[in-house]
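Step one of this worksheet: look at the structure below.
Taken together, the values in this text are just the output of simple stated rules run on the coordinates, not laboratory data. Nothing here was measured: the structure is a model prediction, and the numbers come from that model. A quick note on method: Cβ atoms are made from the backbone with ideal geometry, for glycine too, and the neighbour counts reach across all protein chains shown.
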Amino acid sequence: MDQLQLARNVFDFGIVIVVWLAQVIMYPSLAHIERDSFVSWHRKYSSRIAFFVIPLLCGQAMIIGIMIYLGGGVLTILSAAIIVLCWASTFGLSVPCHAKLQRSGKDLSVIRRLVWTNLVRTILWTSVFVIGLWHSFS
């Protein structure tokens, strides 16, 4: 396995860990935050999680871009296409939920929607990770 593929696997794995933690622990837990402190808590959560998420997303995108530039094969192009879907899902489905929660406060229907929209990202980013591992050993 070359160093670029190894770096890709590390970024992919980091993202998978974050989306699964969000899916199983963080997003469902939003329903248990007190209404009076919800907006403040959500603002802190969003800025703190961004510290981890933004470097992972940017690193993954850069590495996939480099791999495509260097002549990445079908699996790399497939991964890139799924990553584009992940970003579209993030900005089209999940970010609006976060914006509404930040603007309007605790809303159980929005929290449920956030959990369901994150499931899309969880499945997609997990598939990117699996494809990357498969590519490593093929």
| remark: Mean-square fluctuation maximum in Gaussian network of the chain, Cα pairs under 10 Å, restricted to Leu108, Leu70, Leu85, hits Leu70
| field | Centre separation in Å (Cα based) which lies between the stretch 2-70 and the stretch 91-124 | value | 15
| remark: Stretched fully, the stretch from Val95 through Ser29 gains (0.36 nm per residue minus C-alpha distance, one decimal, in nm) 22.0 nm
| said: Under a Cβ-only charge scheme (Lys and Arg +1, Asp and Glu -1), can you give me the dipole magnitude of the chain about the Cα centre, in debye to the nearest 20? | reply: 500
| query | Just from its helices, what would the mean residue ellipticity at 222 nm be for the chain, if runs of 4 or more DSSP H residues each count -39500 (n - 2.57) and the sum is divided by every residue, rounded to the nearest 500 deg cm²/dmol? | reply | -26500 deg cm²/dmol
| field | Where only alpha carbons of the stretch 98-138 are counted, the Rg and the Dmax (Å) | value | 15.6, 49
| field | Within-9-Å neighbourhood charge of Ser79 [Cβ basis; K, R +1; D, E -1] | value | 0
| message | I'd like the Karplus ³J(HN,Hα) series for the stretch 96-105: coefficients 6.51, -1.76, 1.60, θ = phi - 60°, whole numbers in Hz, and an x wherever there's a Gly or Pro. | response | x, 5, 4, 4, 5, 4, 5, 6, 9, x
| query | For the chain, with the dipole built from +1 on Lys and Arg beta-carbon atoms and -1 on Asp and Glu ones, taken about the Cα centre, which of Ile82, Val19, Ser104 lies farthest toward the positive end? | reply | Ser104
| If you wrap a convex hull around the Cα atoms of the stretch 3-136, how much volume per residue is inside, in Å³? | 87
| query | Hey, what angle do you get for helix 74-89 against the long axis of the chain, alpha-carbon based, 0 to 90 degrees rounded to 10? | reply | 10
